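The values are calculated or read from the model by the stated rules, or taken from the named source; none is laboratory data. Note that this is a predicted model, so its numbers are computed, not measured. Positions of Cβ are generated from backbone atoms using ideal geometry, with glycine treated the same way; all protein chains shown enter the neighbour counts.
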Amino acid sequence: MYYRRTLTDAQINDELLGTVMTTPLRWVVIASFLAVILMGTFSAVGFMINQGLGVTGLRQPVFWGFFITNFVFWVGISHAGVMISAILRLSQAEWRRPMVRAAETMTVFSLMCSLSMPLIHAGRPWRIFYWVFPYDWARGIWPDVRSPLIWDPTAIITYLLSSSLFVYTALIPDLAIIRDRSTGWRRPVYGALALGWHGNPRQWKLQGLAGILLSALILPVFVSVHSIVSWDFGVSLVPSWHVTVFAPYFVIGAVHSGVCAVVTLMIVMRKLYKLENFIWEEHIDALARLLIVVATGWMFFFWLDLIYALWLREEQELTVWMLRMFEPPWSWMFLVFFMCSYVIPVPLWMFRRVRRSFTMMLWTSLLVNVGMFLERFIIIVPALMRKGPMTFDYATYRFSPIEFTVLGGSIALVAFLLLMFSKFFPLIPLWEEKEGQVLADSVRVGKLDVPGIVKEH
C-alpha cells in the first residue's frame, strides 16, 4: 500500500546533509578501498603504454576489444540521467524527486569514464590529437569530418557539458543551504558556488525555467549521442555491423542498462547513507515498471537485428551469427547475455513482491548490466574475428589481465567519483524533497484517503 512520509525541513536538512557535514568511518573505508583499485588500474595502464598494445588481447584482425566495449557500455549507462531526470521532470512525475540528482551525477561520471576508454585504447594517448585536428600542413593531411569517430567526441563532450550544467543548476539551492550551515573555509567556497542564492521568488522562477529548458534541450543530445556511437559500427562494411537498425537498437539498449544502473545506485545509496525516509519501495516499483517497457522495446530491436540477417541470407552475416550463437565461448556468452538481459529479470519484475524487494531489484539490475556488457562484447568481437580471403596473419581474441584490470578500474572510478561527490554535495536534492512535502495532499475517494498532489496554475 502506498504511504507517504511526512518530514520537516529541519529533518530533511539533517538527514541529507549528514555525510556532507561529517565524515563517517564507512565512507573512509570504502573510498580507501576504491582508491587502491584505481592505483592498480593506473599502474596497469602505465605498463601498457610503456610496453605497447601487445600486452593486451588485441591481435589481427580483432583490434577492438574490451576497451571499446567498455566505451560503449559507459556511454549507455550515462543515458539514465536524461531518462530519469529530463523526461520525468517534463512529465512532472512526482516519484522522480529522490533519484534525479544521483542519475544526473552518474551521467556526468559515466561520460568521463567513457571518454577515457578511447585514450587507453589508442595505446599512445597523445596521438589522439592528430585524429581530431589537422597536422603536417606541408602534406595537407586532414581528419575525415564525415567519420563518426570525429563526431563521437563532439557529441559526448556536448552531452557532458550540458549534463554538468544540468546538475549544477539544480544544485544551486542546496549549495546555499550548505553555505548557511558551514563555517571556516567551507563557507566562502560554498558561497561562491551558490552564486548569491537567497531563495527569492525571482531566483526560484529562473531556476525552474532553467531546469525545464535544459530538460528539453538535452533530449536531442540524448538521442544523438548513442546514435553516433552506433554509427561507429553501422557505417563500416564489417558483417553484422552494417545495419540501419543499430541507432534505435543502441539507444534503447542504453536506456535499459542506464535505468538498471540507477536502480542499483538508489538501493546502495539507501543502505549506505540510511535514506529509508526518502527512497521507498514505491520508487523502485515505479522504476521496475518502466524497465519492463524499456526491456521489451530493446528485445524488439534485438530480434529485428537478427531477423534482418536471416532475411537477407548473406553468407557473411550468417557466419557471424552462427559464431555468436553456436560456437564456444561465444555461445555461452550469448546465452548468459540473453538470460541476464531479459529472460530472468523481466518475468520477475511482473510480480509486485519482486518489484518492491530491494534485494531482488538489486540483483536483477546487476544481472541486466552484466548481460548488457556481454551484449556489446559479442556485437564487437565476433564480427571482427571472421577470417576474410587473403588473410594470412590471423589470431583469435583472448582478453588479457590488463583489460580485466581496466574494466574493474572503470567501475571503481565511477563509484569513487560518486562517493567523492556525496562528500561535498547531497545526492538527493533537498529543495526537491521540501517541494514534494509542500505539494503533498490527499483526496477522499469513498472511504479511503488517496495520496494526491496540489499543483498551482
Residues that are of a type in the set (A, V, I, L, M, F, W, C), crowded, with 18+ Cβ neighbours inside 10 Å and in contact with a Cys (Cβ under 7 Å, 6 or more places away or on another chain), drawn from the range 353-385: Leu367, Val368
Residue within the range 98-106 that is modelled with pLDDT under 85, under 23 Å from Ser257 (Cβ atoms), hydrophobic (A, V, I, L, M, F, W, C) and within 17 Å of the chain's Cα centre (by Cα) present: no
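Can you name the residue in the range 395-411 that is outside any helix (DSSP H, G or I) and surrounded by 15 or more Cβ atoms within 10 Å (Cβ to Cβ) and is also modelled with the highest pLDDT among such residues?
My answer is Ser400.
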Filter pass, Ser182 being among the hydroxyl-bearing types (Ser, Thr, Tyr), surrounded by 15 or more Cβ atoms within 10 Å (Cβ to Cβ) and within 19 Å of the chain's Cα centre (by Cα): no
Members of the range 223-240 that are surrounded by fewer than 24 Cβ atoms within 10 Å (Cβ to Cβ), in contact with a His (Cβ under 7 Å, 6 or more places away or on another chain) and either in contact (Cβ under 8 Å) with a residue 24 or more places away in the chain or part of a helix (DSSP H, G or I) (or both): Gly234
Checking Val167 against (1) out of contact with any Ser or Thr (no Cβ under 7 Å at 6 or more places or on another chain); (2) within 29 Å of Pro426 (Cβ to Cβ), the condition it does not meet: (1)
Some residue of the range 81-90 being more than 23 Å from Glu433 (Cα to Cα) and of a type in the set (D, E, K, R): no
Number of the exception - His283 against (1) at pLDDT below 90; (2) out of contact with any Phe, Trp or Tyr (no Cβ under 8 Å at 6 or more places or on another chain): (2)
Breaking point among (1) under 30 Å from Glu317 (Cα atoms); (2) surrounded by 18 or more Cβ atoms within 10 Å (Cβ to Cβ), for Val167: (1)
Subset of the range 89-101 that is in a helix (DSSP H, G or I) and in contact with a Ser or Thr (Cβ under 9 Å, 6 or more places away or on another chain) - its residue that is surrounded by the fewest Cβ atoms within 10 Å (Cβ to Cβ): Leu90
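Which of the following residues is buried (at least 18 other Cβ atoms within 10 Å of the Cβ), at pLDDT 90 or above, in contact with a His (Cβ under 8 Å, 6 or more places away or on another chain) and small (Gly, Ala, Ser): Ala194, Ala176?
Ala176
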Ala31 vs. criteria surrounded by fewer than 19 Cβ atoms within 10 Å (Cβ to Cβ), small (Gly, Ala, Ser) and in contact (Cβ under 8 Å) with a residue 60 or more places away in the chain: yes
Residue list for the range 219-242, filter: out of contact with any Leu (no Cβ under 9 Å at 6 or more places or on another chain) and among the aliphatic types (A, V, I, L, M): Val221, Val223, Ile228, Val229, Val235, Leu237
Yes/no for Gly40 being farther than 22 Å from Ala412 by Cα, in contact (Cβ under 8 Å) with a residue 40 or more places away in the chain and over 14 Å from the mean Cα position of the chain (by Cα): no
Selected residue (only one of Ser116, Ser110 is in a helix (DSSP H, G or I), crowded, with 23+ Cβ neighbours inside 10 Å and of a type in the set (Ser, Thr, Tyr)): Ser110
Odd one out for Val293 among (1) of a type in the set (A, V, I, L, M, F, W, C); (2) more than 30 Å from Gln11 (Cα to Cα); (3) surrounded by 16 or more Cβ atoms within 10 Å (Cβ to Cβ): (3)
Residue in the range 48-60 that is under 25 Å from the mean Cα position of the chain (by Cα) and touching a residue at least 40 places away in the same chain (Cβ under 8 Å) present: no
Pairs with Cβ under 8 Å, 6+ apart, first in the range 241-255 and in contact (Cβ under 8 Å) with a residue 12 or more places away in the chain and within 18 Å of Val225 (Cβ to Cβ), second of a type outside the set (Asp, Glu) and part of a loop (DSSP other than H, G, I, E, B): Ala254/Ser78
Residue in the range 329-343 that is surrounded by fewer than 18 Cβ atoms within 10 Å (Cβ to Cβ), among the hydrophobic types (A, V, I, L, M, F, W, C), more than 25 Å from the chain's Cα centre (by Cα) and assigned to a helix (DSSP H, G or I) present: yes
Long-range neighbours under 8 Å by Cβ, at least six apart or interchain, first residue over 17 Å from Ile212 (Cα atoms) within the range 90-106, second surrounded by 24 or more Cβ atoms within 10 Å (Cβ to Cβ) and among the polar types (S, T, N, Q): Met106/Ser78
